[in-house]
Amino acid sequence: MSTTPLLRRKPVDTLIAEAGGTGAGQLRRSIGLWQLSAIGIGATVGTGIFFVLTTSVPEAGPAVVLSFVIAAVTAGLTALCYAELASAIPVSGSSYSYAYATMGELVAFGVGVCLLMEYGVSASAIAVTWGQYLNQFSDLAFDVHLPAALTAPPGEGGVFNLPAVVLVVLVTVLLIRGVGESAKVNAVMVAIKLAILVLFVAVGLTGFTAGNFTPFAPNGWDGVQTAASTIFFSFIGLDAVSTAGEEVRDPRRTLPLAILISLVVVTVFYLAVAVTAIGAQPWEQFDGQQAGLAQILQNVTGQTWPALVFAGGAIVSIFSITLVVIYGQTRILYAMGRDGLLPPPFTRVSARTGTPVWNTLVVGAAVAVLAAVFPLKLLADMTSMGTLVAFSAVSVGIIVLRRTRPDLPRGFKVPFYPVTPLLSAACCVYLITKLHTDTFVAFAIVLACAAVLYFGYSAKHSRLARTP
């Protein structure tokens, strides 16, 4: 362990030992392979598909398909890195814990902040779109159109997104009841989500027009790259899998398998839906479209029932996505609190349900506020920024851990080492450079606030600082 305070590392053996407890204050191992895979798929598929096309297609045009490929390749490289680290360090906290073990406390704290952006902000972005599909469903089913001021994203005709707040409250209550129960509910919701996306592809292809792919890249390569940067936040489900490290049975085997299963399923569905959507609707019509995929089905068929079914399924699916990302956020706060970098209440676990109730309430309140009043585009880009920085740290962490702990048991090793982690980090940094300027401004503000918290509280209360 480094003697320099900012570079002090948490020993891997200590991380694993802390995760292995079974007494009061410990998370419970109640999640199996398919439930964990469902968590990864649930956090990923819907995030990118239900609304990202309305922001990325105007940037890239039909070439958004290439944007998805770029994002998927980057996510795939990082998934391999996550699989190795998750099998070597099967603990709660995801890339925060990995950074603490490999690059030191200050870097770990910064990664933790990026994960707060990744999960908390993405939950807000996802919750915002729930109101759009709820409005579409009520309009088609009951001929009741909810006022845009209370359902549309702020900055797009909305003032206060009430359905988003309601959604976050419901998810918070379910998570407080217990993770095992939440994982079972999520698995059912993921099945519904995949079914309605299959419906979209099957119906949407009946209106497929090859001419919609011309011109293919109206905004050039720059548009493709910018869209890829925005789309990348859709792959946060891979990270969500690793946040469950302390609640998974047989984690050295289960974690890497679940990560790879999630990646394959997600990539196939993303590309299928993107190609179908572009083929069914001219790219110019995506800009600002509310509940876009449901609207495409209505336009293709000239009937309301496909759009009604899809909107209903989207309501359920977005619920599951929000459930998973808020779950991941609470576990990261738990890990940071246990290390002394956050105040003691963040380490409290309910003796009855085995869940961190305080964390869940804090995250739920913060997510609800962001979803209610912030523009969707900013939320999406901030999520991408946090995700890409965290993923970069994981890629570098692979190299560091191979050098510092070559003896550590690993259930999975990345192929073509060290090319794979280096290429993964390079791709992440490249996509970061393509984000919008206002995203960097917002990120700088977040980092400044984080620095105040770290040097004002965390550095003094760190458990490693108190360790002889």
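Readers should treat all values here as calculations from the given coordinates under stated rules, not as data from a laboratory. Computed from a predicted model, the values in this text were never measured in an experiment. Cβ sites come from the backbone with ideal geometry, for glycine too, and all protein chains shown count toward neighbours.
Checking every one of the chymotrypsin sites (Phe, Trp or Tyr not before Pro) in the range 377-468 against DSSP loop status and a limit of 12 other Cβ atoms within 10 Å picks out Phe416.
Report the FRET efficiency, 1/(1 + (r/R0)^6), for Leu453 and Arg348, where r is their Cβ-Cβ distance and R0 is 22 Å, rounded to 0.05. The formula returns an efficiency of 0.70 here. Note on Val73 and Tyr430: their simple-model spin labels are 0.6 nm apart, each label 7 Å out from Cα toward Cβ. Here the Kirkwood formula puts the hydrodynamic radius of the range 32-432 at 20.8 Å, using every distinct Cα pair. In this label model, Val198 and Val173 are separated by 3.2 nm, measuring between points 7 Å along each Cα→Cβ vector. Dipole magnitude for the chain: about 1740 debye, using +1 per Lys or Arg Cβ and -1 per Asp or Glu Cβ, origin at the Cα centre.
For a straight C-alpha distance cut-off of 21 angstrom, the lysines reachable from Lys434 (same-chain residues fewer than eight places away being disregarded) are Lys377. On the basis of the beta-carbon distance and an R0 of 45 Å, Phe213 and Val159 show a calculated FRET efficiency of 0.75.
Exposed loop trypsin sites (Lys or Arg not before Pro) only (DSSP loop, at most 15 other Cβ atoms within 10 Å): please give the longest stretch of the chain free of them, not including the sites. All intermediate terms of the calculation are to be shown ahead of the outcome.
Values: sites that count: Arg28, Arg249, Arg348, Arg352, Lys413, Arg463, Arg466.
After excluding every exposed loop site, the longest remaining stretch is 29-248.
Among the helices of the chain, those built from whole DSSP H runs whose Cα atoms reach 18 Å or more along their own axis and whose mean Kyte-Doolittle hydropathy is at least 0.5 are 33-49, 64-88, 162-177, 179-204, 251-280, 305-338, 357-373, 376-404, 419-432, 437-453. Taking each residue as 0.36 nm, the span from Asp407 to Trp34 lengthens on full extension beyond its C-alpha to C-alpha distance by 131.3 nm. I need to check one value: relative contact order of the chain, counting alpha carbon pairs closer than 8 Å and at least 6 residues apart, in percent. Relative contact order, the chain: 33 percent.
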